[in-house]
Each structure stands twice: as C-alpha cells, then as structure tokens.
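> Mind having a look at this structure? Questions to follow.
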Amino acid sequence: YYSVVTETIREFSGSIFQFAGDSILISFEEFEDEKPEENVKRALTAIFRILELSNNYNSVSLETNGFMLKPKIGFSYGEYNQVILGSTDLFMTPVLVGRAVKNAISCEKECKQQSLVIDDKTFKIVKNCGLEQSFKPLTESAYIFTQIPSSFFDDIKYPDFYDTEPLFEKPYFYGRLISFINPTIRKQIENSLNGFSGEYKDISCLMIKFDGNFVNELVDGMNDDILKVLNFLYTTVCEKSGKYGGYCMKPDFSDKGIVFPVVFGIPSAMENKERNALFCSAEIMRDCLNHKEIKKVHIGLVTGMVYAGEFGGILRKDYTIIGNSINFASRLMMSAKENENFSLIMDYRTNAFVQKFCKTSIITGISCKGYKGLQTAYRFKSFKMLSKSIESKGKLLVRTEELSYLLEFYDKMNDSKMQFVGIKGEAGIGKSFFVDSFKNALKQKDKEAYIYSGYCYQYEQSTPFFCWQSIIRQIIQLSSGITLDIAEILVKSFFYEHFPEDLYWFPTFMNIFGYNFQEPIEIVNMDVSQKQEHLFKLLYKILLLFKKTNTVVIIDSLQWCDDVSLNMLKYLHNHQSEANLLILFTVRDSDSLQDFFNENNFDFIELKQLSDDKSVELTKSLLNMKEVDEDFVHKIVSNASGNPFFIENIIQGFIEKGILIEDENGYFNLSDKKQVFQIPTSVQDIVLSRFDSLKFFNQVVCRTASAIGKEFYKDCLIELLPDGFDETKVEKSLTDLQKHNLIIKDENNDDEYLFSNGITRDLIYETILDITKKELNLKILEFFEKKYKDDYSLIVEKLEYYAQESKEQKKIVKYALESAVRAKNKSSLLDAISHYWIAIEAWEQIVEEKDFNQFFQMQLDLADVYRLKGDYNESENVYNLVIQASESSKIQIEANCGLEKCTQERESAVGS
C-alpha cells in the first residue's frame, strides 16, 4: 500500500517528510516560476490518484487483510519552513513547521472517514483552477472533497524527471545520505537484510511536550533564536535517550505543540526499560529547568505492546511504532494541571515497576482511545533514597557446593597469588545473590578483608571505565557527592602521598570520574592506546597499594561492560604480580565475550538451573502459604524452568493481581480469582533481550521454531524456513541455540527439540506478526496433514490448534469435531464441550456457502454432552435453540428426544 502511495507522490515531485505511526506528512514544494494554481493542481493530482488506488487496493485486499485502509487527508496551501535539526556528527532530521502545516493537520482532524478536506485559503486557489464543484463547505473554514471531475486527468502535466545517478559518484552525497538515514534503517542496510521487518514489542514510551513563547512564534516564522532552542531540545533528547538505551524518533510539530517520542525496548528488547525511561525523563526535565526559553515540559510514560518496524515503500521508508500505548502516553502527556510547568505522568504498569525508585500520587478518571473505561495513572513526585538491598532477589537458596569452590579460590589468593574467577549463568539464575552469599561468608571467615564492587549497566556500555569508577572511588575514598574543589584536594593529596611521579596524569585521572580538567597538550595529542596503557598502569598501582591485605574486587554484569574497562581487566590478567587480590565478576553467556575469555583463560563457576526439588522448595518458601496448594506450586515451577528470578517474579505477579492474598498472620492464601498465568514484564525483558542478541539467522530459525510449538521437529522446521536455509546451516543454528540455553535436543530423537521452557517459546512466538503467524501455521498444518495422511487421529488436537492459528475455519470445524468425539469417548466431557464450541464458532466465521444441517448436528452433539455431564439446564437451552431455528423434521425429532432424556434423567436424579 505504501509503496504505491510513495511512488505516486514521487511521480509528482512530492516529498514524504515524516512517518508518525500510521500518518504521513507530505509536502509539494513550489517549483521556480510555478504558480499557486499549478502547485495545488499538481498536489491534487497525486492525491486523487492515491484515493483511486486506495479503492482499488481495498477491493483486492479486503478479504486477505480483514480490514480496509481509508486515507484521511488534510490539505493546506501556504508558507512553511523546512528545519534541519541535529549536526553532522549526529543523526540529522528534517521537519516542517509553519502555518500551512498547522492548517493541514486541522483539516485532517475534520475527516470522519476516507476523505479530503481543504482550508479556505486553498479553496480560493481551487476556484481559480475551476475545481470548486468538486468541494462543498464542511465548516466555516474547511471544505470537503465530493468527486473527481471526469475530465481532470485528461491534461496532466508531469514534472521533469530528475536523474540522481550522477550524485552516486560523489562521496559527499553518501555522507549526507548517512546523516539523514534513520539509524535503525541504516543498521538493517549494513547487515544486508532484505525486505521489510516488523514485529510486536513490549516497550516503554515517553511522549515529551515542550512549551514556551518560541512554540507560538514557530507557526508564523523562523529565526536563529528559535532554531537554537529547537536544536537544544533535539540534541538534549537524543543524548539523554541514547545514554539510557532509548530510541528518539522524529519530533512532531503538530496541534499538540512540540512533541518528542522516545521509545525504550526497540529495535532490541531491553531489561529495566521502565527504570531507564524514568531516569531519562528526570534528566531531560533537569536540563530544561535552567533554559530561559523553555517554560514547560510535560511527559507521559506508558509501558505496553506495540507494532514496531519499517513503514513505507521501496522508495521511501522509516522506522516507526503503532499501538494504543503510544496514544495513552500522549494522553498522559496532555493530562498535566494548568498551573503545572513540569510533570511526569505514568501508567499502572510503569508505576508498578519503578515504585521502588520514586514516590508517586494517584490520578483517576483518564479516558483514552483503545482502552475500556476510565484509566488510573500516577504523577511522579520525587525519587527515593535507594538502599543497596533494593536489588535483592529475595529468599534465594544458597548454593553450598559452588560457594565452597569459590572460597577455595580465595584461599589460593592468601598465598599472594592474584586470582580471576567468573560466575557464569543465564539471566535470573541468581548470580548476584550468589556473590552476596559469598560476601557474607567472607565476612565470617575474614573480618579484615576489603571488598570493593563495581557495576555494569546496559545503558552505560559506551562510558569508558564505568565499572572501575566506583571501585577506584571506594579505594581512594572519593565520595561522589563532594564538590569539585574538595575532590581536587583529596585526590592530589592521594597522589602526593603515593604517586608523586604521576601528578602529570592527575587531570586525566580525574576525568575518568566525569570531571572536566584541562589535560596537558601532550596527553591530549597522545595515541589513544598509549593513553589507555598509562591509565591502566596507574589504576593497577592503586590496586596494588593493598597487596598484602586480602582484597576482593567484584564486577557485576560483565556482559554490559564498556570496551575500555574490559581492556583494563585484560591488562590486570596479563600483568599479574604477587598480591592478595581476587577479581570476581558475574557474566551471562555472551558470544561477544567468548573470544576474550578464551584468550585470557579465566576460571569459571557456572550456576545451573535449580532442580525440580529445589525449585519446589524455593517456590513454597516464597509463597509462604499455611496450606500449600501443590497444583499451584507445580504451575509456577513448570513455567519457571529452574530460574529463581522467574519464580520470584511469577509469584509477585500473582500477588499484584490479587490471586494471592496476605492474611493478618502474614500467610498467603489463594483468592477466588481465575488463575490466568501472565508472564511478568521483568521476565519478558530478560528473555527477549537474550533473543535480540542472537545473530539474525538464528533469530529467524528460533522464531520459526516457536510457531511449531514448545516441541518441534527439524524436518518441519526446514520445510517452513525460506530459501537459503539449508539443512547444514539449520543444524548449526540449532547447535548455537542450544549453547544459548534456548532449546534442548531430545535425548531419544536427534530430530526432535524443545524450548528450554514454555515462557521462552511463548514470548518469542508473540513477537511474530499476525499475518506471518497465519502463513506459518497454515504451512505447519499442511506439513502434518501430509505426514500423517494415513492416520492423524493421534495428533488431531494439534491439527485443530494449527487450524485455529491459521484462521482456516473449515479445517477448524473438521478437527475440532473429531477432537470433541475423542474427548467424549474418553469421558473427558469438559474438553468435549470446549471442542464443540470451537467448532460452532468457527462454522459461524465461514464466509462461503455453509451446511446448516451440520451446524444443528454440532449443537445436538453439544447438548448431548451437557446432558451426560448432568448440566440439564444448559442441555435443554441448546436443544430448544435447535428446535426454534431448524426446519429439518429429523433434527427437531432428535432435539425433542434429547429434551425427553433430560427430563427423565433429572427426575431419576431427584427420586434417588
């Protein structure tokens, strides 16, 4: 659809400036010596073509898509400014601002269905073109299009073709292209991915509105002062969102003012996205507080599922998102109080995650398109002082065997031999808690030992020396809260006492911690690798100051370590000396770090998944139920697959949803609420973050396998994959997925695999677009039908599932009925009822000619199962419906016989 639209616009020299969700901003700039009437007619020609092509598209694609695409077009003629924000060393973006843009948006708001609305200024030009009969008044200042004049296309003047080929030879042209290409699209190009990609993502979205006098001035003109403010806003939002791993989309200069959308969790899933979005918001507001031109900043923050991916056509595309969560974030942004200059309002999901970081107040009565009823939101008030225990994993079980092994390394260090040990395991397996257990054990074993800790964060991967900053601060006792003057005095005193010969490096050393000291020109001009070598040597000397005292340095989450800090670790390993020093780090499986580990030959302690017995023990401990429900415990354990973090968060989710209720004695009890299992956001982020880190080929294989189910077969997988995925490549990919602990190979069948847990499979499957799910499941259905054509009775329920997922209504009816009969024969009456209802609902969805006798026979069979179950009221209701609706005497006789059986059996039951 967009390919046709963009080609038509380009054919008439129009430019698509912006994709904003499902909206497009288009301009038809006047050529030199082009008259207003010629300009408007050129634009109208393109628009009329789009309306015609849209009707053609819908007539062909309605049945396939299940919906129609109806463009609502607002049109205005007038002056506007093209503003280019950013700089050559950042991503640059062009935006349109001005009266014409504002009026076009206002006209679009007047469209109630597929239509074209123009403003009064444009209508005057339309009259000069002789097209006034094609429009009628809609409001005092707007006119709606009625019909295309029959002779309109007889005399079309096409703009001259512009040949871009000569530009391709100029490197400068490529430099400009790279500056303007959306970074996500550019990454796709560099990775040689073809076609369009899109998927469902769970994201946290900021909608940030800025206000001040400059906003009103924007409509009627542009000057250097306004441009400076806009560039400040764009640069600030890009830098802050980039720092916390967010993605700053193109700003929107619309009826809502100046709005910047920032998204966390695309294109790759992100852990702690809610926290990062909160911190990013706080920093943006802090920077704007001191800017004299910015009077107000209002932010809406919402977490939810969206479609994220490429929009557009072959000639023009962008990366954008669509979903109700975006609308809600915008609604919250506009919910600030009139007298409130700076505000941050968030939804329930976000607040539930960040409440340990900040204080909020509740807001009620907010309505939003796409949400049922009035919504509750939360206004940010202030940050909380975080204690270190805020990251505690709860009552996890101590791993005694692994702990003893780690303490042995500590004992080796006592022989003045530096030790390096990594604690490896998947996300949520309990690495940080294990290290805390080690620290507690160490305090009992050696009260004189020094322990220093540094942390790596996903959003600080580009900050040099980040994890070493806090470690060195602790060693030299440089608090992060002291003033610059005192910090300078303290550190210089430290240098004078221990390293007077290195005072020359004092400014460079201070800049590691984020200060801005002027470095000697020789250091400034020094080769980067030499400079790093000097700093490594200096930090190493600081660590060796205490070489006779037992010292443990801990680095948490090394998989997010910046390159410089990683090189520092390598330097320490390569320059080991006699010192009572243990370097301990936690890390997940990481392809990018594997070569680093192999080169340096580190020792590792790997934390495995908990056994079923241990998982049950942990689950019961965390549930704290006076009377344990074993089925409920089994449900949690089977979904968590031995991951302590998953267990804890699943239980927390049940508590938050009111399924587990605490009594006055502190015990939890199950409520009467239906136990709907939902995967907590924190678990989703971990799983999808691991998935997004896979190579593209492996992602395709893994996602396709998820469509088959928790268990899948290699032959079926190969059948589904596109060309180029031969058996050798697929086997290599499956081996890689096993290494990442995403899938497991069946011990008894080399061709059968299963996902490591149901959560992983479900989350990956839900990222597939609906239309792709439909196509994949249809192929799977056809594969199994062919494979089991002689006898499919043992997999009929599986065939029913694939038919449902592929929306093949006739096949759903067929396999659901057979599943119902099988369940009835096994006396599994509830299952039989479920299958009959699936068959009935699918039959109602069939569009082509249907057999009504089949429909009534299904209802008769359903009523009979209700009777066998003893649910006579429901059985009689169904029988009576059949009697009223069916014209077949045979079916009516059967229904009456069924009613008679119900009466007899009910009387017998009462009599007995």
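> Among L96, F67, Y2, pick out the residue whose Cα is farthest towards the positive end of the charge dipole of the stretch 1-96, where Lys and Arg carry +1 and Asp and Glu carry -1 on C-beta, about the Cα centre.
The one lying farthest along the dipole's positive direction is F67.
> Near K492, which lysines are there with a Cα under 29 Å away, not counting those fewer than 8 places off in the same chain?
K531, K537, K541, K547, K548, K570
> Starting from the Kirkwood radius over alpha-carbon pairs of the chain, derive D by Stokes-Einstein at 25 °C in a medium of 0.890 mPa s and give it in µm² s⁻¹.
The estimated diffusion coefficient comes to 75 µm²/s.
> Can you figure out the FRET efficiency of R906 with N853, using R₀ = 41 Å and their beta-carbon distance, to the nearest 0.05?
0.90
> Counting only residues 5 or more places away or on other chains, whose amide H sits under 5 Å from the amide H of I555 once H atoms are built in the peptide plane?
Here G454, L584, F585, T586 satisfy the definition.
> Based on Cβ point charges of +1 for Lys and Arg and -1 for Asp and Glu, what charge dipole magnitude is obtained for the stretch 612-678 about its Cα centre, in debye rounded to the nearest 20? Don't skip to the answer; put the middle values down first.
Values: 7 positive and 13 negative charges, 51 e Å.
Result for the stretch 612-678 is approximately 240 debye, rounded to the nearest 20.
> Taking a virtual spin label 7 Å from the Cα of Q82 along the C-beta vector, which residues in the stretch 96-113 bring their backbone nitrogen under 18 Å of it?
Counting backbone N atoms under 18 Å from the label point, the list is 96-102.
> Another question about this same structure. Could you derive backbone 3J(HN,Hα) for the stretch 19-28 from the dihedral phi with the Karplus parameters 6.51, -1.76 and 1.60 (θ = phi - 60°), listing whole Hz in sequence and x where the residue is Gly or Pro?
9, 10, x, 9, 10, 10, 9, 10, 10, 10
> Please compute the net charge surrounding M333, taking Lys and Arg as +1 and Asp and Glu as -1 over other residues with Cβ under 10 Å from its Cβ. Mind dumping the intermediate values first?
Values: positive: K209, K256, R331; negative: none.
Residues near M333 contribute +3 overall.
> Next up: If you place +1 on the Cβ of every Lys and Arg and -1 on the Cβ of every Asp and Glu, how big does the dipole about the Cα centre of the stretch 181-386 come out, in debye to the nearest 20? Write down the numbers at each step before the final one.
Details: 27 positive and 21 negative charges, 147 e Å.
For the stretch 181-386, the charge dipole is close to 700 debye.
> Something else about it: Compare the Cα positions of S15, P464, A377 along the charge dipole of the chain (+1 at Cβ of Lys, Arg; -1 at Cβ of Asp, Glu; about the Cα centre) and return the one farthest towards the positive end.
The residue sitting most towards the positive pole is A377.
> Once you place label points 7 Å from the Cα toward the Cβ at S834 and K635, how far apart are they in nm?
Reported label-point gap for S834 and K635 is 1.3 nm.
> Short version: what are the Cα gyration tensor semi-axes of the stretch 806-912, square root of 5 times each eigenvalue, largest first, in whole Å? Mind dumping the intermediate values first?
Values: eigenvalues 129, 60, 16 Å².
Listed largest to smallest, the semi-axes of the stretch 806-912 are 25, 17, 9 Å.
> Moving on. When the chain is fully extended, how far beyond the present Cα-Cα distance does Y792 get from K732, taking 0.36 nm per residue of separation? List each step's numbers first, then the result.
Numbers: separation 60, 0.36 × 60 = 21.60 nm, distance 3.13 nm.
Contour length minus the Cα-Cα distance gives 18.5 nm.
> Kindly work out what percent of the DSSP beta bridges joining two residues of the chain are antiparallel, to the nearest 5. Each step should come with its number before you reach the end.
Working: 68 of 98 bridges.
Bridges in the chain are about 70 percent antiparallel.
> Okay, moving on. Roughly how many Å is it from the Cα centre of the stretch 509-581 to that of the stretch 831-879, as a whole number?
Rounded to whole Å, the Cα centres lie 73 Å apart.
> Need one number: convex hull volume per residue for the stretch 1-99, Cα atoms only, in Å³. Walk me through the numbers on the way to the answer.
Details: hull volume 12.6 nm³, N = 99.
Dividing the Cα hull volume of the stretch 1-99 by its residues yields 127 Å³.
> Hey, another quick one. Take every Cα-Cα distance within the stretch 181-386, group them into 5 Å bins from 0 onward, and report for each bin the whole-number percent of pairs it holds.
All Cα pairs, binned at 5 Å, distribute as 1, 7, 15, 19, 19, 16, 11, 7, 3, 1, 0 percent.
> For labels at E30 and R10 in the simple 7 Å Cα→Cβ model, what's the distance in nm?
So the label points at E30 and R10 sit 2.7 nm apart.
> For each pair in K710/K745; K256/K337; K243/K384; K657/K710, compute the distance between the two Cα atoms and list the pairs where it is over 19 Å. Can you show the working numbers first?
On the way: K710/K745 12 Å; K256/K337 15 Å; K243/K384 22 Å; K657/K710 27 Å.
Where the Cα-Cα span goes over 19 Å, the pairs concerned are K243/K384; K657/K710.
> Work out how much length E488 to I178 would gain on full extension: take 0.36 nm times their residue separation and subtract the Cα-Cα distance, in nm to one decimal.
Details: separation 310, 0.36 × 310 = 111.60 nm, distance 4.22 nm.
Value of the extension gain: 107.4 nm.
> At 7 Å along the Cα-to-beta-carbon direction for both S590 and K136, put a label point, then send me their distance in nm to one decimal.
6.7
> What is the Cα radius of gyration of the stretch 612-678 over 2.2 N^0.38 Å, N being its residue count?
Numbers: Rg = 11.0 Å, N = 67, 2.2 N^0.38 = 10.9 Å.
Rg over 2.2 N^0.38 Å, computed on Cα atoms: 1.01.
> Expressed in nm to one decimal, what extension gain is obtained for the pair F161 and K381 from 0.36 nm per residue of sequence separation less their Cα-Cα distance?
Numbers: separation 220, 0.36 × 220 = 79.20 nm, distance 5.74 nm.
Residue separation times 0.36 nm, minus the Cα-Cα distance, leaves 73.5 nm.
> From the cross-link list K445/K635; K157/K250; K72/K127; K317/K786; K356/K614, which pairs have alpha carbons spaced over 31 Å apart? Spell out each step's value before the answer.
Working: K445/K635 40 Å; K157/K250 33 Å; K72/K127 22 Å; K317/K786 40 Å; K356/K614 29 Å.
Over 31 Å apart, Cα to Cα: K445/K635; K157/K250; K317/K786.
> Something else: Please give the FRET efficiency for F67 paired with K810, using the beta carbon to beta carbon distance and R0 = 22 Å, rounded to the nearest 0.05.
Details: r = 22 Å, r/R0 = 0.99.
According to the calculation, E is roughly 0.50.
Quick note: the coordinates plus some simple rules give every number you see, no bench work behind them. These figures come from a predicted structure and were not determined experimentally. Cβ sites come from the backbone with ideal geometry, for glycine too, and all protein chains shown count toward neighbours.
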